[in-house]
1. Rounding to the nearest 20 debye, state how big the charge dipole of the range 1-67 is about its Cα centre with +1 on each Lys and Arg Cβ and -1 on each Asp and Glu Cβ.
2. Note the full-extension length gain between Arg138 and Arg36 as 0.36 nm times their separation in residues minus their Cα-Cα distance, in nm to one decimal.
3. Counting other C-beta atoms within 10 Å, which of Val120, Val18 has the fewest, and how do the rest follow?
4. Counting only residues 5 or more places away or on other chains, whose amide H sits under 5 Å from the amide H of Leu60 once H atoms are built in the peptide plane?
5. Starting from the Cα of Arg43, step 7 Å along the direction of its Cβ; do the same at Glu146; then give the gap between the two resulting points in nm.
6. Output wanted: per-residue J couplings in Hz (rounded whole) for the range 61-69, from phi through Karplus 6.51 cos²θ - 1.76 cosθ + 1.60, θ = phi - 60°, x for Gly and Pro.
7. Could you order the peptides 138-146, 73-81, 6-14 from most to least packed, using the average number of other C-beta atoms within 10 Å per residue?
8. Using 7 Å Cα-to-Cβ label points, what is the Ala73/Ile54 separation (nm, one decimal)?
Amino acid sequence: MRRGVRLAIDVGSARIGVARCDPGGSLASPLTTVTRGKGDLARLAELAGSNGAIEVIVGLPRTLSGTEGKAAADARGFARELASRLAPVPVRLLDERFTTVTAHDALRTGGRDSRARRGVVDQAAAAVLLQAALDAERSTGRPAGEPIRPTAGARE
């Protein structure tokens, strides 16, 4: 298992949930929520730098049958733009099916009402995604997910 902090992001249409792991790569925890839109890539790059991230995992929202729709295409484009910003820090896409449902369930079990959950569910979903990536790497000895190549002409 590689040592170092990793970030995971759950890209939504309005918000981006961000999680990080400990330097040993054992435990993921929610970090923050970034508003989607102007400046989001710069803020994510700032978070990657300030946390010393060695890798960033981006959630890939596939359908229940495993196919990719509009949301997945958006996540792929976002991941390419982020990879351009973060190079040489690797960016990987990882299937995020059920992460938001799992996050909602965990927050509900923890006693958060639906209004309070709205503000942190994206962070919690990113933590679920990152924990899955860490667990997969631990069991296989290889980084989880699909590596993303940076794209030329990324937006600000």
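1. Values: 9 positive and 5 negative charges, 14 e Å.
Approximately 60 debye in magnitude.
2. Here the answer is 33.6 nm.
3. Values: Val120 17, Val18 25.
Ranked by crowding around the Cβ, least crowded first: Val120, Val18.
4. Placed amide hydrogens put Leu94, Asp95, Glu96 under 5 Å from Leu60.
5. For Arg43 paired with Glu146, the spin-label model returns 2.7 nm.
6. x, 8, 6, 4, 7, x, 7, 10, x
7. On the way: 138-146: 13.9, 73-81: 18.8, 6-14: 23.2.
Result, highest mean first: 6-14, 73-81, 138-146.
8. Using points 7 Å along Cα→Cβ, the separation is 3.7 nm.
Rule-based calculations on the coordinates, nothing more; no lab input. Only a predicted model underlies this, so the values are computations on that prediction, with no experimental measurement involved. Cβ coordinates were reconstructed from backbone atoms using ideal geometry, including for glycine residues, and neighbour counts include every protein chain displayed.
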